1. From the list B:LYS6, B:LYS37, B:LYS50, exactly one residue is among the charged types (D, E, K, R), within 14 Å of chain A (Cβ to nearest Cβ) and within 25 Å of A:GLU81 (Cβ to Cβ). Which is it?
2. Do any residues in region B:2-26 that are among the aliphatic types (A, V, I, L, M) have Cβ atoms under 6 Å from those of residues that are surrounded by 18 or more Cβ atoms within 10 Å (Cβ to Cβ) and part of a helix (DSSP H, G or I), where the two are at least six apart or on different chains, and which pairs are they?
3. Please tell me if A:LYS64 is under 30 Å from B:THR39 (Cβ atoms) and either in contact with a Leu (Cβ under 6 Å, 6 or more places away or on another chain) or assigned to a helix (DSSP H, G or I) (or both).
4. I need a count of the residues in region B:9-25 that are surrounded by fewer than 17 Cβ atoms within 10 Å (Cβ to Cβ), within 13 Å of chain A (Cβ to nearest Cβ) and not charged (D, E, K, R).
5. Picking from A:ILE120, A:ILE99, A:ILE104, A:ILE88, which residue would you name as being within 23 Å of A:VAL134 (Cβ to Cβ) and touching a Lys or Arg at 6+ places or on another chain (Cβ under 7 Å)?
6. A:ARG44 versus (1) assigned by TED's automatic domain parsing to the domain that holds A:PHE14; (2) surrounded by fewer than 13 Cβ atoms within 10 Å (Cβ to Cβ): which is the lone unmet condition?
7. If you go through region A:24-58 one residue at a time, how many are within 18 Å of the chain's Cα centre (by Cα) and of a type outside the set (D, E, K, R)?
Amino acid sequence: MKKFQEKVRRRIIFVSILFCLFATYIIILLFFKDNLPGLSDNNRMFQLGFFSSIELLMIIGLIKHIRALKNKEKLKKLYIEENDERTILIMQKSGDWGIAISIIGLALGGIIASFFDQTIFLTLIGATLFLSFVKFFLKKLFSYKY
Amino acid sequence: MKTRIKELRKKHKLSQEELALAVGVTRQTITSLECEKYTASLVLAYKIAKFFSLSIEEVFDFSEMEEF
């Protein structure tokens, strides 16, 4: 459990650093928008929403992890939550299926797009090939690792 | 796979949460095991059997397992 405690501590530090970086960027987006001339108002608002949501998720995660560090019972529950064999199996299976469905969807989209726009067609086919490569690479990597 | 987990848990007056915490899994995993939706790994089967001071065969029913 000490190893996991250390892992949680490192995770808190890492997320806190990211939190500060994102907060700085949000401040820049909010108060120094004149320094970002290449960014349209729509894109700025999108980025503001995106980074604010991530910050909110980070706060929730940080609270959960800090509480776990202070309480052994909660730390054990967090450990179990992360290392539960059924959860790991579900994650593995859904990840595999998720990539497969994405590849099929992108390929179908690419084929349909080929009737209308060459650029979209090439982009989607490129993304399909990239995802196929990632799936193949990960399969090889994990079969080598385990 | 059929198991006697529910029966043993009730005999020992344990909640799913308590058993889950004792063997290091989530309550949902115990529920799935009891509903025969999930098959435990060897390590988990061993932990559960050890917790009830029984052998794996006494907790898990292997008679209906497919044979190749």
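1. Going through B:LYS6, B:LYS37, B:LYS50 in turn, the sole match is B:LYS37.
2. Final answer for the pair search is B:ILE5/B:LEU33; B:LEU19/B:ARG9; B:LEU19/B:ILE30; B:ALA20/B:ILE30; B:VAL23/B:ILE48.
3. When the stated conditions are applied, A:LYS64 does not pass them.
4. Number of matching residues: 2.
5. Of A:ILE120, A:ILE99, A:ILE104, A:ILE88, the one residue that is within 23 Å of A:VAL134 (Cβ to Cβ) and touching a Lys or Arg at 6+ places or on another chain (Cβ under 7 Å) is A:ILE99.
6. Unmet condition: (2).
7. So the answer is 12.
Residue by residue, here is whether (1) without any contact (Cβ under 8 Å) to a residue 40 or more places away in the chain; (2) in the same structural domain as A:PHE142 (by TED's automatic domain parsing); (3) open to solvent by less than 100 Å² (accessible area, probe 1.4 Å); (4) of a type in the set (A, V, I, L, M, F, W, C) holds:
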site	(1), (2), (3), (4)
A:HIS65	no, no, yes, no
A:ALA68	no, no, yes, yes
A:LEU89	yes, yes, yes, yes
A:GLY95	yes, yes, yes, no
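The values are calculated or read from the model by the stated rules, or taken from the named source; none is laboratory data. What you see is a predicted model, and the numbers here were worked out from it, not measured in a lab. Heads up, the Cβs are rebuilt from the backbone with ideal geometry, glycines too, and the neighbour counts pull from every protein chain shown. Only protein heavy atoms, including side chains, enter the accessible area calculation; ligands, DNA and RNA are left aside. Shrake-Rupley method; radii C 1.70, N 1.55, O 1.52, S 1.80 Å.
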